[in-house]
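Engineer: Structure provided below as structure tokens; questions to follow.
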Amino acid sequence: MKLLTKAQQEDMAYQVSLKSRDIDICMFSALDGSLPKEMLLDALMLYVNSDGGFGHGLYIDNYNVNSSVYQVYEAFRLLDMLGFDSKCDNELYDMIINKACNYLYNRVPPVKGVWNPNTKSNNDYAHSKEFEYNEENKKLFGLHPSAALLGYTLLFVKPTKAYYKKALKELETVLKEFYSKEEFTKYELISFNSLLNSLRKTNLLVEDQKKIEEKLTEYVKKVISLDFANKDANRPLDVALYLNDSAFDDLKNKQLDYLLDTIASHGMWDYNGSWGYDKYAEEDSAKLKWIGCGTVNNYFLLKKYGRLEWFKL
């Protein structure tokens, strides 16, 4: 089995510290154990707006300084990667979660359990094509990141809080739509993997957990791809990340091997994505930022699946 060696990890940590955003440095350092995970809370404060939402380019392909649902999803995704949950006894954590949920459930409340991930003001700032505020992209995202956000709410908020109860109610509607759907976008597959993981962590809706996994497994088997270089493909570690069917084990291992084989000479992973049009010069700077962010995401996967030869404790 291929592993990320101790020397590679040490070099990677050094390169991330030199070439990445502060928040990506924080994430990598927390994942490798050289900094406490609570440092992420301070890093996230650089992206929080007065309305409690997140903006300021937290998600790299959207330079909007204003809050949007998708940028809240990105903040919650990072918190989940480091293992935060409602048991966290930290005042800053409580403040971030409470304000973000106020933004989600009161300022931009979901309609039948679904949020529009984009906001009108996206169009006033540099952004990739998928973050243009239009009906086409609303359909592209579908139930994403709504399903994931409802799961994160149940994971991050104490059961006695109103937001927790609101999330459970909205989730009923989302699950009805999920069970009735015959096709899913890649975004939706990612979102329901995330929801499944949150439900497992909170031990909620056990019967629904089984039904969600069964439906996802059946569908993903039909659409999964080994085109690892294509960010739009249905890659195993995107669409089957939290699916436990043994049919995915070999595919996940092949993608992990691919990750280890494609580390660039500079010690990190290159980024080959595109904004989908030549509209904004900021795309060039975004591609540089993605090197650090993508390295964090890949390192997380290698750690999750035991592909680190050694890491700091």
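The values are calculated or read from the model by the stated rules, or taken from the named source; none is laboratory data. Being a predicted model, the structure only gives us computed values, none of them experimental. No Cβ is skipped: glycine too gets one built from the backbone with ideal geometry, and neighbour counts run over all protein chains shown. Protein only, heavy atoms only, side chains kept; ligands, DNA and RNA dropped before computing areas. Shrake-Rupley method; radii C 1.70, N 1.55, O 1.52, S 1.80 Å.
Engineer: Applying the selection to the stretch 119-148, what residues are open to solvent by 60 Å² or more (accessible area, probe 1.4 Å) and of a type in the set (A, V, I, L, M)?
Structural biologist: Leu140
Engineer: Under the condition of being more than 24 Å from Thr185 (Cα to Cα) and part of a helix (DSSP H, G or I), which residue from the stretch 156-168 is most open to solvent (accessible area, probe 1.4 Å)?
Structural biologist: Lys165
Engineer: Criterion first (in contact (Cβ under 8 Å) with a residue 12 or more places away in the chain, surrounded by fewer than 20 Cβ atoms within 10 Å (Cβ to Cβ) and under 19 Å from Leu243 (Cα atoms)) does Thr173 satisfy it?
Structural biologist: no
Engineer: Looking at (1) open to solvent by less than 40 Å² (accessible area, probe 1.4 Å); (2) within 21 Å of the chain's Cα centre (by Cα); (3) under 21 Å from Lys303 (Cβ atoms), which is the one condition that is false for Ala264?
Structural biologist: In the conditions (1) open to solvent by less than 40 Å² (accessible area, probe 1.4 Å); (2) within 21 Å of the chain's Cα centre (by Cα); (3) under 21 Å from Lys303 (Cβ atoms), Ala264 misses (2) alone.
Engineer: Just give me the residues in the stretch 276-313 being without any contact (Cβ under 8 Å) to a residue 12 or more places away in the chain and assigned to a helix (DSSP H, G or I), in sequence order.
Structural biologist: Once the filter is applied, which keeps residues that are without any contact (Cβ under 8 Å) to a residue 12 or more places away in the chain and assigned to a helix (DSSP H, G or I), the stretch 276-313 yields Asp284, Ser285, Asn297, Lys304.
Engineer: Just checking: which of the helices (runs of 4 or more DSSP H) contained wholly in the stretch 1-116 hold 2 or more residues that are over 22 Å from Asp270 (Cβ atoms) and without any contact (Cβ under 8 Å) to a residue 24 or more places away in the chain?
Structural biologist: 39-44, 91-102
Engineer: I would also like to ask the following. Please indicate, with yes or no, whether at least one residue in the stretch 212-226 is assigned to a loop (DSSP other than H, G, I, E, B), out of contact with any Pro (no Cβ under 7 Å at 6 or more places or on another chain), free of Cβ contacts under 8 Å to residues at least 12 places away in the same chain and surrounded by 13 or more Cβ atoms within 10 Å (Cβ to Cβ).
Structural biologist: Among the residues of the stretch 212-226, at least one is assigned to a loop (DSSP other than H, G, I, E, B), out of contact with any Pro (no Cβ under 7 Å at 6 or more places or on another chain), free of Cβ contacts under 8 Å to residues at least 12 places away in the same chain and surrounded by 13 or more Cβ atoms within 10 Å (Cβ to Cβ), which makes the answer yes.
Engineer: Check Leu195, Leu251, Leu256 and return the single one that is under 28 Å from Phe28 (Cα atoms), open to solvent by 20 Å² or more (accessible area, probe 1.4 Å) and in contact (Cβ under 8 Å) with a residue 24 or more places away in the chain.
Structural biologist: Sole residue among the options that is under 28 Å from Phe28 (Cα atoms), open to solvent by 20 Å² or more (accessible area, probe 1.4 Å) and in contact (Cβ under 8 Å) with a residue 24 or more places away in the chain: Leu251.
Engineer: Quick test for you: out of Leu204, Leu243, pick the one residue that is in contact (Cβ under 8 Å) with a residue 40 or more places away in the chain and either closer than 24 Å to Gly306 by Cα or part of a helix (DSSP H, G or I) (or both).
Structural biologist: Leu243
Engineer: Okay, next question. Condition first: open to solvent by less than 10 Å² (accessible area, probe 1.4 Å), in contact with a Leu (Cβ under 6 Å, 6 or more places away or on another chain) and among the small types (Gly, Ala, Ser). Now tell me which residues in the stretch 21-80 satisfy that.
Structural biologist: Hit for the stretch 21-80 is Ala75, nothing else.
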